[in-house]
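*Asks:* Below is the structure I would like to discuss, written out as structure tokens.
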Amino acid sequence: MFLLHFLYLLTFSFIFCRSEICTQDNCQLPSCQCSISNDNPTSLDIIDLPQFILLTFVGSLNKDTLDSIQSILKSSHRNPNKCPITSTFFIHNIYTEYCLVQHLFDNQNEIAITISDKKCSLTKCYNESHWTNDDWYEEIKQQRTNIVEHTQIHQSHIKGFHAPHIKIDQNKYFEFLHQFHFHYDSSMLFKSSSLMYPFTLDYLFDQTDCINCQQWTKPFEAFWQFPLHEWTYPNATISCRTFFDSSCLPINQSHTVDLLFDFIMHNFERHSSIFVGYRSPFIIQLDLSWLSQHKNLHLQALIRFIKYILNSSNHRYVYFVSIEKVLEWFKYPRSLDELHDFWAFSCNDKIYENDIDCFDKELNENEQDNIFNRENIKLLKSNNRTNGSHSENVNHQTERLFPNAKDGKSVDILSTMNRRTVHLLDLSDEILLIILKKLGSMDVLYSLLGVNRRLDQMARSFDKIKFMKLSFISNGQFSSINDVKLNRFCYEILPQINHKIVGLSLALHSMERILLACRYPHLTIIVITIYPPNRLVRYLTEGSPIARLFREQIRSITVMTTNEVFTNESFTDTCECILAICINLFRLNMNRWIKGDSAQLSLRHRSPNICCSSYLHTLSINVKTFDDCLCLLDGRLYQLSSFAVNINSIKRSPIITDSQKVLSNLKEFSLTSIMHTNAYDCRILLLLRRMPNLNKLTLCLNIMRLIVIDGIHLDEEILSHMLYLNTFIFHICTIMSTSETNYFLSINDIKNTFHNWKYSPVNCCIDHFSNGFTYYNIYSIPFKMTRFMHLTNSFRGYHFQFITYLTLYDTRPFEYDFFEWISQSFPLLEYLLVHNSVPQENKGQIESINKKKPSSNISYLYLTQLRLSYAHIDYVDQFLCHTNTYIPRLKSLGIQYEKLVTVTNNFTNDATRLNCSQLKQIIFDELLVYPKHFYLYFPSLIK
């Protein structure tokens, strides 16, 4: 006998194929949770834990139960975060009126499924020997299908299951629930002495205190169980199964509202006690058919309990919410203080009144459905072609199925196509693919996935799925996916395509939800739009699920941000954290700035052991000083082969201590510094000569020097030390003081020094300014830099298609035709600074011409930031008057207050109103008190 028992255990362990013991090492949130009773399973302090009360309704939804439900879920019953209380409805199709199902779902309640005991005998339905696997499969599938076909509820929102009369067979129906991507079951009943927290079925658990559990042999990965518990009453010798079970109540007392209220309170206090139940979820299960027949005492006691808890100042930690909301909390635990901002508990605060007339229209399951026109919904889910006569119905259903596809930057593909003469489904696959290639992966998946087999397959095979953009930058402004879309992506879309995703572009505030929504086996690339920086550091705390993902999988990170977000210190902290956690990181780009100047890495006063990596090959970053650049090349990143650095300041050092060690691994180097430097010969040249194996070199420098840097100098002082160099891109401006030299070159003199030049063609420009300085610009063409400093009237006839940041400087006037050339030659310009105090000479002539035209030929379609603080008032008028210049996206303006008052005619000039209508920021040199009509003239200005 002992041998047989041993063989059984051995066989059971083999079948289960996983470690029998669940630990924190092999089971971690959000996808796995060990079973824990009478203890706190989270890392939060017990006093910071919320207490959840889960009202669950089981059975048929119809007009007989409507009054009871509405009295429980009153709009005045609100949680501490001011949102209405919500509940979970486990429904089946018998006698259910689906208009009521839709109404409850619209009011943010959860819809889940159960099985009716009226479809077959109780013995046949729940006896393992009588109900086959096919029976379970078809019943679970059909119950969910009924909801989807009779309502506008997408199947991704149907996440839970409850076994009727809590008679369960885990080995059968758990497998199908898991197969159909259900998230949880709530059917296991535990003794009152074992107050269990929700857990996943990844591993075996102690079933001693489980009353209805059967021995099960399969793990169900990331599948949750929300356990039920027996109810008790003080001094009772037995327990009750549910709230409606009176077997544990005193037999010598009448069952009054007071007694039933005490019954609820006693069990609530056991769960909420920080010494007994450790605030484990308290589930109150309500049988809808019983509730319709016994509305008085139990219902009164329950409503009294709800009002008492919600109105009591001692119970501000209690939330009445649905199971799906609590499930999200368990995946991403939040303290009480954070619940007000927790996305899963948010609400739109809109209560939809129920349409009572729908009960008269609702028909039984064998009759035609006139409520939601089931055939029109099926139209979107079939492979049949749709003719024009159905277009109105399809339009209506499209908008209901995809209500948010028109928000922000996304596209409602179906609705857009349905408004055309040719229907979407009439197009050939070739034409559809051409259309889809013009769209982003987010739009395609959100609109087409799950519509019908043809469109579903097309969406799944979409090439752009490999890199999913769930956030985007447009015209210097950050946009992110809204919460409704994010929910669907996390619950439904991402789990279906996760194996195809290689890269993700996401916003920091949604990063946790997206990365923990499912496993991404091939994810190696992350692009993060960050705000604020300390949250990223928190996510990358050692041991967190996101930190493990970054440590084990991520090989490329790009951080995009704005100048308002980072300080030099926080920027350095973030870089340090990323390099410390991401031990397999191959590429890091910290030099993607949405707008404005950038923060810089500053390693001064920092430990020499930070920002180290034995694997990093490619780095793009901003640093504060030249010494910070040298620190990154001191050996801490010894595998570095590609290095792009933007240095804020390059200064001479009183003591030259720069290393002479050869950087033999470096193959690509880019150095940019827009500030003037006089340390070129003593520091920059020395660094470049340490890079003998470079294949590609990029330089963008403004150098103060007594001798012009020309082709001969570059060849003898730099290129002769780089024998393997194939590509040399540069823009070098030599700034010379006229008083310090008599050595002047012409344009031809400089061009002749590039006579035998083997790299890309070179152009040059010379400007002699009246302030005593001469600027010698030499640059490779085509011009590939994104910034250009000190552009003058001399730069004509060339196209600068990559420039986004431009400063204009001259001691000669900028005329109208110059700005016309700028608008055509710098098509992607986002930032423009004008430094010119000389008035325009042809202003009057241009004004007379412009008065005859309704609009200007000059347009800056992408310009968001304009700086005119050092510009003559003629240039203020040139840019702000829409007959001179059209700037539709201008968000930020730097200007002197007096000039703005003059050009706008004390904020009344209609000619300047259009270009100022989108301004969100105006930067003045001093603090001012504005007149009352100031903000009326600038309606978008942030106060």
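The values are calculated or read from the model by the stated rules, or taken from the named source; none is laboratory data. Remember, predicted model here, so these are calculated numbers, not experimental data. Cβ: placed from backbone, ideal geometry, glycine included. Neighbour counts: every protein chain shown. Each accessible area value is taken on the protein alone, full model and side chains, heavy atoms only, with ligands, DNA and RNA left out. Shrake-Rupley method; radii C 1.70, N 1.55, O 1.52, S 1.80 Å.
*Asks:* Can you compute the FRET efficiency between Q70 and N482 using 1/(1 + (r/R0)^6), with r the Cβ-Cβ distance and R0 = 22 Å? Round to the nearest 0.05.
*Replies:* 0.15
*Asks:* Now for a different question. Let me spell out the model: positive unit charges on the Cβ of Lys and Arg, negative unit charges on the Cβ of Asp and Glu, origin at the Cα centre of the stretch 261-322. What dipole size does that give, in debye rounded to 20?
*Replies:* It comes to approximately 160 debye.
*Asks:* Over 31 Å between C-alpha atoms is what I'm after, so list which of K82/K159; K624/K899; K651/K696; K82/K331; K159/K438; K159/K469 land there.
*Replies:* Exceeds cut-off: K624/K899; K159/K438.
*Asks:* About the Cα centre, and with charges only on the beta carbon of Lys, Arg (+1) and Asp, Glu (-1), how big is the dipole of the stretch 790-937? Nearest 20 debye, please.
*Replies:* So the magnitude is around 400 debye.
*Asks:* Give the carbon-plus-sulfur fraction of the accessible surface of the stretch 790-937 in %, rounded to a whole number; probe 1.4 Å, heavy atoms of protein chains only.
*Replies:* Taking all protein chains in place, the stretch 790-937 shows 53 percent carbon and sulfur surface.
*Asks:* Okay, next question. Can you give me the accessible area per residue for the stretch 790-937, using a 1.4 Å probe, in Å²?
*Replies:* On a per-residue basis, the stretch 790-937 sits at 46 Å².
*Asks:* Considering only the other residues whose Cβ falls under 9 Å of the Cβ of N842, what net charge follows from Lys and Arg at +1 and Asp and Glu at -1?
*Replies:* Summing Lys and Arg as +1 and Asp and Glu as -1 gives -2.
*Asks:* Sticking with this structure for a sec: Would you mind getting me the FRET efficiency between Q207 and S273? Use the beta-carbon distance for r and R0 = 30 Å, nearest 0.05.
*Replies:* 0.75
*Asks:* While we're on this one: Within 10 Å, count the other beta carbons around each residue, average over each peptide in 304-313, 441-450, 428-437, and list them highest first.
*Replies:* Packing proxy ranking, top to bottom: 441-450, 304-313, 428-437.
*Asks:* Within the stretch 886-924, list the chymotrypsin sites (Phe, Trp or Tyr not before Pro) lying in a DSSP loop whose Cβ has at most 15 other Cβ atoms in a 10 Å radius.
*Replies:* Counting only loop positions with at most 15 other Cβ atoms within 10 Å, the chymotrypsin sites (Phe, Trp or Tyr not before Pro) in the stretch 886-924 are F924.
*Asks:* When the solvent-accessible surface of protein heavy atoms is calculated with a 1.4 angstrom probe, in what order do K63, K899 fall, highest first?
*Replies:* K63, K899
*Asks:* Over the stretch 215-273, what percent of the accessible surface lies on carbon and sulfur atoms, probe 1.4 Å?
*Replies:* 46
*Asks:* Now for a separate question. Within 14 Å, Cβ to Cβ, of V901, how many net charges do the neighbouring residues add up to if Lys/Arg are +1 and Asp/Glu are -1?
*Replies:* Taking every Cβ under 14 Å from that of V901, the sum is -3.
*Asks:* Rounded to a whole number of µm²/s, how large is the Stokes-Einstein D of the stretch 790-937 at 37 °C and 0.692 mPa s, given Rh as the Kirkwood radius over C-alpha pairs?
*Replies:* Translational diffusion coefficient: 211 µm²/s.
*Asks:* If Lys and Arg each add +1 and Asp and Glu each add -1, what is the summed charge of the other residues whose beta carbon sits under 12 Å from the beta carbon of Q285?
*Replies:* Here the charged neighbours net out to -2.
*Asks:* Now, a different point. Can you work out the FRET efficiency for the pair N81 and Y615, with r the C-beta to C-beta distance and R0 = 51 Å, to the nearest 0.05?
*Replies:* 0.70
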